[in-house]
Every structure is written in C-alpha cells, then in structure tokens.
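First up is the structure itself, then whatever we jot down about it.
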Amino acid sequence: MEIQVSGEVAAGVSKDWLRSAVEMVLRNAGLSEGEISLTLLDDDSIRVLNRTHLGKDIPTDVLSFALYEGDEEVLGDVYVGYEQAAIQAVGAGISVEEELARLSIHGTLHVLGYDHPDTEARSSSEMFILQERLVQKLLDEAI
C-alpha cells in the first residue's frame, strides 16, 4: 500500500503520524494493495476544490475522491483543510494533531465507500462510529 502525504503540516504534527492514520483505515479494511494521496491545503486552496467539485464556495475540512471502480485496487485522493482542522480542534478542545488524524481517517473512509447522512444522525452513523474507534486506536498506539 502506498500512502503519500504532502502539503503544509501544522507545527508539531508529522507526516508520519498522518500516514499512520490512513494506514490504520486500510489495515482495518484488510487492504494491502492500492494508493492513497493525502494533501493538506490552506483555506483558499480547499475552497477552490470545494467550489470546483461540489459547487460550494466555502472552505471545508476534508474532501475525498475515490479514483477506482469495482474490484480495482484502491486509489484515492484525500484533501484536508488544515486551517479548518485548527479551528475545529480549538472548538472541540483537542490537539490539532488529533483533528488532522480524524479528518485523514474520515476522508480515507469516504474513499473506501463509507458515507454518512448530512443530518443530526451523522454522528451515530456506522461511518462515524468506525472513525472514532480508529481515532482512539491510533491515539492509544501513540502512547
């Protein structure tokens, strides 16, 4: 499995940490072949992607694109808005490192085909429950 991490990383956050977050999702899914690209973007850059691909002219925290079909090897791009991650981390009272890992996991789950409702039921969806289990596992392994 090839995992590429590029872009600006917040102070104190390593690309290896984010690579580990993506790797955890793929291992959990039993995957050993494929490629995921994780790119960290500022608000302006992720806003352009959001507008171009989803028609939403606002910055967002994560965008994912699955670039494979059916039985092909997993191939996908995940874009994380690091400025949005920092804002969300402060609001949640957690580290930026944890929020960036959470968004990396979230985006990778989307690449694998997971989805969630855009309602209040979002946080109780199968995807979010799995996401939080993987975030906790990553944090536990880092200790």
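Laboratory data are not the source of any read-out in this text; all were calculated from the coordinates shown. It should be emphasised that the depicted structure is a prediction, and the values quoted were computed from it without experimental measurement. When we count neighbours, we look across all protein chains shown, and the Cβ atoms used for this are built from the backbone with ideal geometry, even at glycine.
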Determine which single condition residue 94 fails, assuming it passes every other condition in (1) surrounded by fewer than 18 Cβ atoms within 10 Å (Cβ to Cβ); (2) among the β-branched types (Val, Ile, Thr); (3) more than 20 Å from residue 142 (Cβ to Cβ). (3)
By residue number, the members of the range 111-131 that are in contact with a helix residue (DSSP H, G or I) (Cβ under 8 Å, 6 or more places away or on another chain), touching a residue at least 12 places away in the same chain (Cβ under 8 Å) and assigned to a helix (DSSP H, G or I) are 127, 128, 130, 131
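Filtering the range 45-60 down to residues that are among the charged types (D, E, K, R) and over 14 Å from residue 79 (Cα atoms), which residue is surrounded by the most Cβ atoms within 10 Å (Cβ to Cβ)? Full working, then the answer.
Initially, the range 45-60 is screened for residues among the charged types (D, E, K, R), giving 47, 51, 56-57.
Subset that is over 14 Å from residue 79 (Cα atoms): 56-57.
Values: 56: 13, 57: 10.
That would be 56.
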Need the failing condition index for residue 49 against (1) out of contact with any strand residue (DSSP E or B) (no Cβ under 9 Å at 6 or more places or on another chain); (2) without any contact (Cβ under 8 Å) to a residue 40 or more places away in the chain, just the number. (1)
